[in-house]
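Undergrad: Here you go, one structure.
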Amino acid sequence: MNKLDLIKQPSDFLVTLATSEQKVVVKSGESLLSALLRHGIIFPYSCQSGDCGKCKCKLICGDVRLDIYSETALSGMDFKDGYILACRAKLFSDITIVYL
Ligand code: FES
């Protein structure tokens, strides 16, 4: 990883990928998925609009808000169990996630 990738502004947040301990800067207002892809992280996705569920991952810690998404992509039970959609997630703190 390029050291410049970890330079963050005060309004940016960091996402840590728990399985690899990689850290990625997420810019203010940027979706989690956009940040991961911008940094070259290989991450599952398809629609990028909250409809397919392919970007589902588990939030281990931190605070995110999800933009509108389909219940077929992320059920209420999934959400209660801590799953989020990376394409719909905006960060409100540094976070740690796990994905398959
Ligand atoms: S990429 Fe389809 S729900 Fe996120």
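Here, each number is a calculation from the coordinates, and none is a lab measurement. Bear in mind that the values here come from a model prediction, so they are computed numbers and not experimental data. For neighbour counting, all protein chains shown are included, and Cβ atoms are generated from backbone atoms with ideal geometry for every residue, glycine included.
Undergrad: If you scan region 31-61, which residues turn out to be farther than 20 Å from Ala73 by Cα and among the acidic types (Asp, Glu)?
TA: none
Undergrad: Can you list residue pairs whose Cβ atoms sit under 6 Å apart, with the first residue in region 29-49 being without any contact (Cβ under 8 Å) to a residue 12 or more places away in the chain and the second being within 8 Å of the ligand (Cβ to nearest atom)? Count only pairs 6 or more apart in sequence or on different chains.
TA: Short answer, once both residue conditions are applied: Ser46/Cys52; Ser46/Lys54.
Undergrad: Can you pull out the strands (runs of 3 or more DSSP E) entirely within region 7-67 that have at least 1 residues that are over 15 Å from Ala89 (Cβ atoms)? Full working, then the answer.
TA: Values: elements: 13-17, 22-26, 56-61, 64-66.
Per the criteria, 22-26.
Undergrad: Something else now. Return a yes/no flag: does region 77-92 have any residue that is surrounded by fewer than 18 Cβ atoms within 10 Å (Cβ to Cβ) and among the aliphatic types (A, V, I, L, M).
TA: Within region 77-92 (the criterion being surrounded by fewer than 18 Cβ atoms within 10 Å (Cβ to Cβ) and among the aliphatic types (A, V, I, L, M)), the answer is yes, since at least one residue qualifies.
Undergrad: Could you figure out which of (1) surrounded by 16 or more Cβ atoms within 10 Å (Cβ to Cβ); (2) more than 16 Å from the ligand (Cβ to nearest atom) isn't true of Gly40?
TA: Among (1) surrounded by 16 or more Cβ atoms within 10 Å (Cβ to Cβ); (2) more than 16 Å from the ligand (Cβ to nearest atom), the lone unmet condition for Gly40 is (1).
Undergrad: Got a number for residues in region 63-100 being touching a residue at least 40 places away in the same chain (Cβ under 8 Å) and away from the ligand (no atom under 11 Å from the Cβ)?
TA: 11
Undergrad: Which condition breaks for Ile60 when tested against (1) surrounded by 15 or more Cβ atoms within 10 Å (Cβ to Cβ); (2) of a type in the set (A, V, I, L, M); (3) away from the ligand (no atom under 16 Å from the Cβ)?
TA: Failing condition for Ile60: (1).
Undergrad: Assess whether Val15 counts as being on the phi < 0 side of the Ramachandran plot and free of Cβ contacts under 8 Å to residues at least 24 places away in the same chain. Working first, answer last.
TA: On the way: on the phi < 0 side of the Ramachandran plot: yes; free of Cβ contacts under 8 Å to residues at least 24 places away in the same chain: no.
Judged against the criteria, Val15 is not a match.
Undergrad: Quick check: is even one residue across region 15-24 among the basic types (Lys, Arg) and within 13 Å of the chain's Cα centre (by Cα)?
TA: yes
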